[in-house]
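The structure appears right after this line, and notes come after that.
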Amino acid sequence: MPLRWQEVALPLVTITVLILLKYIPATAHLPLSRAAGVVAFGYAAFLALRLVQPEDAIVVDGGWAELRPSMVEYFACYGAAALAAVLLFAVIFMGHAADTTQLVATYIAVVLLAGGSLGIGMAGLFTHTSWDHRQVKHRTATGRETALDWSDVRSVRPNWRGVTITGTAGRITFSQFHSGAAQLAKHAANRARRNAETATKAFAAS
């Protein structure tokens, strides 16, 4: 699946904000240049892993195809968790020698990284999406399962959480970073278009 504008805009905005904060007296003494370097390195690694993301899903027994988490998601989830743990260690064991502003900024970074890691895990690593010729199924990290018949699919739209397939019985959202996400999105879009054409012909005939 090609890069979306959010994937380019987010790191650029983050690096720009860090550079601007460097010129504000209250935050000028923070290691913002180092933080910008970490963001740039992380984004370079993200791009490298994104390029090798498999386009095809995994085919399993019974004619079902499944999405699988990609290296991008593993890197983002566990990398953010590891960095949060390192920063938390710094807050706990070296906080007494740190400036108050540095301590607060580091703690905020820990919370954001931990929250991001948890969100990636819940939205990507611990979900399950599969489909066959008849329907598509999705199970969330909490165990909630949704099934849509392909004949009921009405639209396929990208959003900030991934790609959403909408049908008459509900909707399914899966991560665009999953291996095989492009294949499923294309298949769902084709089904939605065919369903719309069928509905239009039926309406015209009536």
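The values are calculated or read from the model by the stated rules, or taken from the named source; none is laboratory data. All values reported here derive from a predicted model rather than from experimental measurement. Positions of Cβ are backbone-derived with ideal geometry, glycine not excepted, and every protein chain shown enters the neighbour counts. Surface accessibility is based on the protein's heavy atoms, side chains included, excluding ligands, DNA and RNA. Shrake-Rupley method; radii C 1.70, N 1.55, O 1.52, S 1.80 Å.
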Quick check: is even one residue across region 12-26 under 29 Å from S130 (Cβ atoms), open to solvent by 60 Å² or more (accessible area, probe 1.4 Å), in a helix (DSSP H, G or I) and not hydrophobic (A, V, I, L, M, F, W, C)?
no
Has region 171-181 got at least one residue that is more than 25 Å from V39 (Cβ to Cβ) and in a loop (DSSP other than H, G, I, E, B)?
yes
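Any idea which of K201, K186 is open to solvent by 90 Å² or more (accessible area, probe 1.4 Å) and under 28 Å from A76 (Cα atoms)? Break it down into steps so the answer makes sense when it comes.
On the way: K201 fails: under 28 Å from A76 (Cα atoms).
Just one listed residue meets the conditions, K186.
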Given the structure, is T200 touching a helix residue (DSSP H, G or I) at 6+ places or on another chain (Cβ under 6 Å) and over 25 Å from I120 (Cα atoms)?
no
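Could you list all residues from region 153-204 that are aromatic (F, W, Y) and under 20 Å from G119 (Cα atoms)?
Let us first name the residues in region 153-204 that are aromatic (F, W, Y), namely 160, 174, 177, 203.
The answer is W160, F174, F177.
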May I ask you to list the residues in region 103-120 that are farther than 19 Å from R161 by Cβ and hydroxyl-bearing (S, T, Y)?
T106, Y107
Among the candidates T146, T166, T173, T142, single out the residue that is of a type in the set (S, T, N, Q), more than 24 Å from L10 (Cβ to Cβ) and touching a Gly at 6+ places or on another chain (Cβ under 7 Å).
T146
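Do we find that I165 is in a strand (DSSP E or B), hydrophobic (A, V, I, L, M, F, W, C) and in contact with a helix residue (DSSP H, G or I) (Cβ under 7 Å, 6 or more places away or on another chain) in this structure?
Spelling it out, I165 is indeed in a strand (DSSP E or B), hydrophobic (A, V, I, L, M, F, W, C) and in contact with a helix residue (DSSP H, G or I) (Cβ under 7 Å, 6 or more places away or on another chain).
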Look through R154, R161 and report the one residue that is without any contact (Cβ under 8 Å) to a residue 60 or more places away in the chain, within 15 Å of G124 (Cβ to Cβ) and charged (D, E, K, R).
R161
Qualifying strands (runs of 3 or more DSSP E) (wholly inside region 54-160; at least 2 residues being open to solvent by 60 Å² or more (accessible area, probe 1.4 Å) and within 29 Å of A196 (Cβ to Cβ)):
135-139, 153-159
Any idea how many residues of region 8-34 are touching a residue at least 24 places away in the same chain (Cβ under 8 Å) and under 27 Å from the mean Cα position of the chain (by Cα)?
3
